[in-house]
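Colleague: Can you keep this structure in mind? I'll have questions shortly.
The values are calculated or read from the model by the stated rules, or taken from the named source; none is laboratory data. Quick caveat: nothing in here was measured; it's all calculated off a predicted structure. No Cβ is skipped: glycine too gets one built from the backbone with ideal geometry, and neighbour counts run over all protein chains shown. Surface areas here come from the heavy atoms of the whole protein model, side chains and all, with no ligands, DNA or RNA. Shrake-Rupley method; radii C 1.70, N 1.55, O 1.52, S 1.80 Å.
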Amino acid sequence: MNTSSHVRIVEVGPRDGLQNEKALLPAAVKIELIDRLSATGLATIEATSFVSPKWVPQLADAAEVFRGIRKAPGVVYPVLVPNLQGYERALEVGATEVAVFTAASEAFNRANINASIDESIDRFVPVMERARADGVAVRGYVSTVLGCPYQGEVPIADVVRVARRLHELGCHEVSLGDTIGVGTPAKARAMLRAVAAEVPMDALAIHFHDTYGQALANILACLEEGVRVIDSAVSGTGGCPYARGATGNVASEDVVYMLHGMGMTTGVDLDRLVETGAWLAAQLGKETASRVTRARTAA
Ligand code: HMG
Ligand code: MG
């Protein structure tokens, strides 16, 4: 059992957050967002996605954004890549960590990346080979771990199988995604426990969307199981464009507030994070989805 009191937050706002926002932010604003996040003490900031711009036009400026950010010492800036083409685009601008992504449900994978689970993993093999040779770290995502917008229930055995496969392929960390935010704490705990029986807990991360308002409760259950890496998005932005009805990620401000309140450390300056969340909401022209930022910035 991992009893460490330190949690690493993987800030996914610039990628998962912005990929699903209606407002198309200029590259300069995305760059400012990442630079502001770099000054909060976050150690990992997922910067953008080198996917097909036809599929996700919001992140078509990935190269410009990645080139433009100030790379703060000690901060890692992973980027999403679906295939070798994405990997090559990422390498060209100097990415040192990439993330590949697949799902535990066939129907979602087909909608999201136009491939079966096996086909998607076949596409990762050359990415992993190149990454190993280039000294680039690879993270892996498994989506729909607690439910699928097309298939409904997702058997835990499918989640375990895909997570184990990504870890065996060489992903240093596997992030378990409740893409549509339907999970509840006992289910989240059971899913994580089953995966952790096959993949070491210190190679696992959790990734909750907050569609049904269950994300913090799910995170708490998973912390009790021993996970110490949590994905979240500043201001609770985003969602997956190919997951009908899915809303934003759990807000980073809310996760950090909860963890600090529990006596755990994150290295993140909550005040700066709240400022950044409020600034981002203003850029997007909408109210923040973070309860902490709402409370702290109320007039
Ligand atoms: P496809 O149409 O099957 O691909 O899409 P293709 O290989 O046949 O290529 C079609 C066209 O795309 C070609 O261009 C390729 O060059 C181009 P054309 O000849 O038509 O001009 N192309 C690319 N262009 C730029 N970069 C690339 C790239 N690859 C192909 N990397 C593909 C397959 C995977 C490309 C597409 O389905 C795709 O990009 N999907 C991405 C969808 C996405 O980004 N979803 C959101 C991220 S996942 C998520 O949010 C979940 C997560 O947060 C965890 C959770 O919450 O569960 C991670
Ligand atoms: Mg997500």
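Colleague: For the chain, what does the relative contact order come out to in percent, with C-alpha contacts under 8 Å and a separation of six or more?
Modeller: Across the chain, relative contact order equals 21 percent.
Colleague: Out of region 134-227, which GluC sites (Glu not before Pro) are coil in DSSP terms and have no more than 16 other C-beta atoms within 10 Å?
Modeller: Those satisfying the criteria are 153, 198.
Colleague: Could you tell me which of rounded, prolate or oblate describes the chain, using a ≥ b ≥ c as the square roots of the eigenvalues of the alpha-carbon gyration tensor, with rounded for a/c under 1.5 and, failing that, prolate when a/b is larger than b/c and oblate otherwise?
Modeller: In terms of gyration-tensor shape, rounded.
Colleague: On to the next question. Among DSSP beta bridges lying fully in the chain, give the percent that are antiparallel, nearest 5.
Modeller: 5 percent
Colleague: What is the sum of charges, Lys and Arg at +1 and Asp and Glu at -1, for the other residues whose Cβ falls under 9 Å from the Cβ of residue 238?
Modeller: Neighbourhood net charge equals -1.
Colleague: Residues with amide H under 5 Å of residue 44's amide H, sequence separation 5 or more or different chain, H placed in the peptide plane at 1.01 Å from N; which?
Modeller: Those qualifying (amide H under 5 Å, at least 5 residues apart or on another chain) are 11, 76.
Colleague: Let me ask you something else. Can you send over the carbon and sulfur percentage of the accessible area for region 208-299, probe radius 1.4 Å, protein chains only?
Modeller: Of all accessible area on region 208-299, carbon and sulfur atoms account for 49 percent.
Colleague: Among 62-74, 11-23, how do they line up by average Cβ neighbours within 10 Å per residue, starting with the highest? Mind showing how you got there, number by number?
Modeller: On the way: 62-74: 16.6, 11-23: 23.4.
Result, highest mean Cβ count within 10 Å first: 11-23, 62-74.
Colleague: Run down the lysines and flag those whose C-alpha is under 23 Å from the C-alpha of residue 22, throwing out any fewer than 8 positions away in its chain.
Modeller: 30, 54, 286
Colleague: Also, quick follow-up: Just to confirm, what accessible area per residue do you get for the chain at 1.4 Å probe, in whole Å²?
Modeller: Normalised by residue count, the accessible surface of the chain is 39 Å².
Colleague: With just the Cα atoms defining each centre, how far is region 229-299 from region 105-154? Give it in Å.
Modeller: 26 Å
Colleague: Further, regarding this structure: At a Förster radius of 35 Å, what calculated FRET efficiency corresponds to the Cβ-Cβ distance of residue 96 and residue 295, to the nearest 0.05?
Modeller: Efficiency for this residue pair is about 0.45.
Colleague: Specify whether the C-alpha gyration tensor of region 1-93 places it in the rounded, prolate or oblate class, a ≥ b ≥ c being the square roots of the eigenvalues: rounded for a/c under 1.5, otherwise prolate if a/b is larger than b/c and oblate if not. Present the calculation step by step, with values, prior to reporting the outcome.
Modeller: On the way: a/c = 1.74, a/b = 1.51, b/c = 1.15.
In terms of gyration-tensor shape, prolate.
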